[in-house]
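Have a look at the structure below, then the notes.
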Amino acid sequence: MIYSAPLAFLLQASTWELISKSGPIPKVVFVFLLVSSLLSWTIIFAKWNVFRKAKEENTKFLKAFRKATGLESISLACEQFPTAPLVTVFDFGYEEVDRQVKKNRAVRNKIAVERSLQLGVSEELTRLERHMNWLATTAAVAPFIGLFGTVWGIIDAFQALAVAGSSSLRAVGPSIGEALLATAMGLAAAIPAAIFYNYFGHLVKEIGARLDDFTMEFQNMTERLFDE
């Protein structure tokens with residue numbers, strides 16, 4: 001029964017009471033973990049929406065591209081798919097093709113077209129990966145910040161125990177609560193960030209493969225239309 005007093009305190013105390021009654025260092029830890037978690041979830045919901053729209057509009061644009069008979073008609077249809085990554089790649093390639101056709105009435109520099117398409121792919125992948133580094137940082141750092149708060153709480157508990165003596169174990173309850181809360185908050189911030197960082201990374205690779213495939217389809221269409 002020597003743990004009954006601190007255990008009773010932990011069961012009765014709310015999370016807000018533990019945070020409000022904690023010292024300055026634990027409060028800094030709690031605030032950092034809370035802000036990290038909120039930012040991570042904001043990024044998660046935003047990226048989820050971005051990837052959902054990207055996949056949907058890529059599919060629609062690809063159908064329109066394969067049905068079209070010329071690049072000009074596709075260019076006009078691009079306005080219907082503003083968030084499709086494939087549209088960006090198409091625009092890069094179409095600008096280079098249009099420039100060569102206006103100058104030479106043919107596509108003579110196919111390497112330049114390929115490079116333009118790859119620039120479009122690179123730009124879209126960079127856009128899709130934007131802010132994902134925060135998820136990786138949160139997943140890597142949050143557990144250690146939580147561990148720091150845990151260690152600090154244990155140190156406070158031992159100091160309170162040394163001052164109060166064995167007859168007043170209730171004095172260590174708040175410090176134990178802070179230590180456990182720091183651990184929980186660290187894991188709560190890190191686990192979702194790690195899961196969705198890996199998941200979004202898989203989606204980026206999937207879309208990247210689709211963009212690379214599209215560059216070949218674009219070059220094939222260009223050769224059919226402008227082959228001398």
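The values are calculated or read from the model by the stated rules, or taken from the named source; none is laboratory data. All values reported here derive from a predicted model rather than from experimental measurement. In this analysis, Cβ positions are derived from the backbone assuming ideal geometry, glycine residues included, and neighbour counts consider all displayed protein chains.
Things worth noting here:
- Taking the conditions (1) in a helix (DSSP H, G or I); (2) of a type in the set (D, E, K, R); (3) more than 27 Å from the chain's Cα centre (by Cα) in turn, Glu124 satisfies each one other than (3).
- Enumeration of residues in segment 60-73 that are among the hydroxyl-bearing types (Ser, Thr, Tyr) and surrounded by 14 or more Cβ atoms within 10 Å (Cβ to Cβ): none
- Residue in segment 10-22 that is modelled with pLDDT of 90 or more and loosely packed, with under 15 Cβ neighbours inside 10 Å present: no
- The set of residues in segment 74-102 that are of a type outside the set (Gly, Ala, Ser), surrounded by 18 or more Cβ atoms within 10 Å (Cβ to Cβ) and not in a helix (DSSP H, G or I) contains only Phe81.
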